[in-house]
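Asker: Here you go, one structure.
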Ligand code: GMT
């Protein structure tokens, strides 16, 4: 199949999922065209079946806001015609589904019918799309998609509750590539560089937005380090980072917390991690938790959104109500203070992650694409 993938090219989960999906589809022989405003961060190597087309939005002083949707829909039209693309898969409703629909209409005018699959990722529904300024356009674009998927049952439920959706929504969970070298890398884990042998290593990875409850991450760690020697690795960047650095200073734990900024070497950081923290306000899926689990790292998370569909209570980690930092720290200590329990949770985390192996999930997308193409 010849497929155009529209996504955000950034470190966010939706862009990562879209990129990994495209790369695996390309490995399976499909022709993949990424169409976005810059090269997706995980698209390091271009291979034979992978194309990348940049959407350029010329700056013009008249425009207070540069019209990205217009440029994207025009680019989609051009690329579909040039490469004979058979299907559009847009990740994140805003504004991709909207632009995709406009492209479909323009192409229809020229006698080309192309199906569009829209994948909902979470913030496009729960945080942004639900805003009254966007809601009519988001509802419209979801209803005008040929097929709609959601990354968790919880997100599907939220979408049906918040929007007037007439389309079926199929749940296709996010996935992970489980490779041997995620767990047993050729390069030995540099644990000693980061911590003393007696210290447990705890990690948080996110875009440091409010929804991630960064102060909770610090408070959970503060409680942990009062009981056992430990280090906290904070990976990522975003609006809450500076506040977090100050909080560490106020609590007197700045020497135990390392801020890395954005990193492309997540696996190298996770390989030396004992426990992952994700106390988010909401999380449609929690890809970062799954990435940790795939590296044999148990997870302490909140129980909001789709997190319970990924992190299994008492198996791969523990889940608590949002904001219950005391319980989260207690649960973390339950795992971290007992070597055999830690090993058991690590094994379980990997076993649960294997259920989300890309090899199990990808055929679900392939089947959907085929159905969509057959529709026209
Ligand atoms: O979590 C973020 O802020 C980024 C956001 C995105 O759109 O990239 O992540 C959402 O999509 C991910 C991939 O499907 C999910 O794993 C995240 O849980 C979801 N984030 C939220 O729902 C807050």
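Asker: So in segment 158-169, with the set limited to residues that are within 30 Å of residue 354 (Cα to Cα) and surrounded by 15 or more Cβ atoms within 10 Å (Cβ to Cβ), which one is nearest to the ligand (Cβ to nearest atom)?
Answerer: Applying the first criterion (within 30 Å of residue 354 (Cα to Cα)) to segment 158-169 yields 158-160, 168-169.
Adding the requirement that they be surrounded by 15 or more Cβ atoms within 10 Å (Cβ to Cβ) leaves 158-159, 169.
Working: 158: 9, 159: 12, 169: 14 Å.
The extreme case among them is 158.
Asker: While we're looking at this one, here's another question. Is it true that residue 88 is in a strand (DSSP E or B), more than 24 Å from residue 282 (Cβ to Cβ) and either more than 14 Å from the ligand (Cβ to nearest atom) or under 16 Å from the mean Cα position of the chain (by Cα) (or both)?
Answerer: On the way: in a strand (DSSP E or B): yes; more than 24 Å from residue 282 (Cβ to Cβ): yes; either more than 14 Å from the ligand (Cβ to nearest atom) or under 16 Å from the mean Cα position of the chain (by Cα) (or both): yes.
Spelling it out, residue 88 is indeed in a strand (DSSP E or B), more than 24 Å from residue 282 (Cβ to Cβ) and either more than 14 Å from the ligand (Cβ to nearest atom) or under 16 Å from the mean Cα position of the chain (by Cα) (or both).
Asker: Residue check: is residue 371 surrounded by fewer than 22 Cβ atoms within 10 Å (Cβ to Cβ), touching a helix residue (DSSP H, G or I) at 6+ places or on another chain (Cβ under 7 Å) and modelled with pLDDT of 95 or more?
Answerer: Values: surrounded by fewer than 22 Cβ atoms within 10 Å (Cβ to Cβ): yes; touching a helix residue (DSSP H, G or I) at 6+ places or on another chain (Cβ under 7 Å): no; modelled with pLDDT of 95 or more: yes.
Answer is no for this residue.
Asker: Another question about this same structure. So, residue 214, is that one within 23 Å of the chain's Cα centre (by Cα) and either within 13 Å of the ligand (Cβ to nearest atom) or closer than 27 Å to residue 342 by Cα (or both) or not?
Answerer: Working: within 23 Å of the chain's Cα centre (by Cα): yes; either within 13 Å of the ligand (Cβ to nearest atom) or closer than 27 Å to residue 342 by Cα (or both): yes.
It is true that residue 214 is within 23 Å of the chain's Cα centre (by Cα) and either within 13 Å of the ligand (Cβ to nearest atom) or closer than 27 Å to residue 342 by Cα (or both).
Asker: For segment 76-94, name all the residues that are in contact with a helix residue (DSSP H, G or I) (Cβ under 7 Å, 6 or more places away or on another chain) and crowded, with 22+ Cβ neighbours inside 10 Å. Full working, then the answer.
Answerer: Here is the first cut: in segment 76-94, the residues in contact with a helix residue (DSSP H, G or I) (Cβ under 7 Å, 6 or more places away or on another chain) are 76-77, 80, 85-88, 90-94.
Of everything in segment 76-94, those that are in contact with a helix residue (DSSP H, G or I) (Cβ under 7 Å, 6 or more places away or on another chain) and crowded, with 22+ Cβ neighbours inside 10 Å turn out to be 76, 80, 85, 87, 88, 90, 91, 92, 93.
Asker: Looking for something within 16 Å of the ligand (Cβ to nearest atom) and in contact with a helix residue (DSSP H, G or I) (Cβ under 9 Å, 6 or more places away or on another chain) - is there at least one such residue anywhere in segment 333-349? Let's see the steps before the verdict.
Answerer: Initially, segment 333-349 is screened for residues within 16 Å of the ligand (Cβ to nearest atom), giving none.
No, segment 333-349 contains no residue that is within 16 Å of the ligand (Cβ to nearest atom) and in contact with a helix residue (DSSP H, G or I) (Cβ under 9 Å, 6 or more places away or on another chain).
Asker: With the condition kept exactly as written, say whether any residue in segment 316-323 is closer than 22 Å to residue 199 by Cβ and modelled with pLDDT of 95 or more.
Answerer: The initial filter retains those residues of segment 316-323 that are closer than 22 Å to residue 199 by Cβ, namely 317-318.
Remaining after also requiring modelled with pLDDT of 95 or more: 317-318.
Yes, because at least one residue in segment 316-323 is closer than 22 Å to residue 199 by Cβ and modelled with pLDDT of 95 or more.
Asker: Hey, could you check segment 115-151 for residues that are within 16 Å of residue 173 (Cα to Cα) and away from the ligand (no atom under 11 Å from the Cβ) and say which is nearest to the chain's Cα centre (by Cα)?
Answerer: 118
Asker: Is it the case that residue 187 is more than 23 Å from the chain's Cα centre (by Cα), in the same structural domain as residue 305 (by TED's automatic domain parsing), at pLDDT below 95 and in a helix (DSSP H, G or I)? I'd like the intermediate steps shown before the answer.
Answerer: Working: more than 23 Å from the chain's Cα centre (by Cα): yes; in the same structural domain as residue 305 (by TED's automatic domain parsing): yes; at pLDDT below 95: yes; in a helix (DSSP H, G or I): no.
No; evaluated as a whole, the condition is false for this residue.
Asker: Looking at 245, 196 in this structure, which one is at pLDDT 95 or above and either touching a strand residue (DSSP E or B) at 6+ places or on another chain (Cβ under 8 Å) or not in a strand (DSSP E or B) (or both)? I'd like the intermediate steps shown before the answer.
Answerer: Values: 196 fails: at pLDDT 95 or above.
Just a single option satisfies the conditions, and that option is 245.
Asker: Given the options 261, 286, 305, 252, name the one that is in contact with a strand residue (DSSP E or B) (Cβ under 7 Å, 6 or more places away or on another chain) and on the phi > 0 side of the Ramachandran plot. Steps first, answer last, please.
Answerer: Numbers: 261 fails: in contact with a strand residue (DSSP E or B) (Cβ under 7 Å, 6 or more places away or on another chain); 305 fails: in contact with a strand residue (DSSP E or B) (Cβ under 7 Å, 6 or more places away or on another chain); 252 fails: in contact with a strand residue (DSSP E or B) (Cβ under 7 Å, 6 or more places away or on another chain).
Only one candidate qualifies: 286.
Asker: Still on this structure, I have one more. Applying the selection to segment 162-179, what residues are within 22 Å of residue 25 (Cβ to Cβ) and either modelled with pLDDT under 60 or not in a loop (DSSP other than H, G, I, E, B) (or both)?
Answerer: Answer for segment 162-179, where residues must be within 22 Å of residue 25 (Cβ to Cβ) and either modelled with pLDDT under 60 or not in a loop (DSSP other than H, G, I, E, B) (or both): 169, 170, 171, 176.
Asker: Test residue 103 against the criterion of being assigned to a helix (DSSP H, G or I), under 29 Å from residue 151 (Cβ atoms) and within 16 Å of the ligand (Cβ to nearest atom), and give yes or no.
Answerer: Values: assigned to a helix (DSSP H, G or I): yes; under 29 Å from residue 151 (Cβ atoms): yes; within 16 Å of the ligand (Cβ to nearest atom): no.
No, not satisfied.
Asker: Looking at segment 10-27, is at least one residue over 30 Å from residue 127 (Cβ atoms) and away from the ligand (no atom under 16 Å from the Cβ)?
Answerer: Yes: segment 10-27 contains one or more residues that are over 30 Å from residue 127 (Cβ atoms) and away from the ligand (no atom under 16 Å from the Cβ).
The values are calculated or read from the model by the stated rules, or taken from the named source; none is laboratory data. In this text, all values refer to a predicted model and were calculated from it rather than measured experimentally. So basically every Cβ, Gly included, is an ideal-geometry build from the backbone, and we count neighbours across all protein chains shown.
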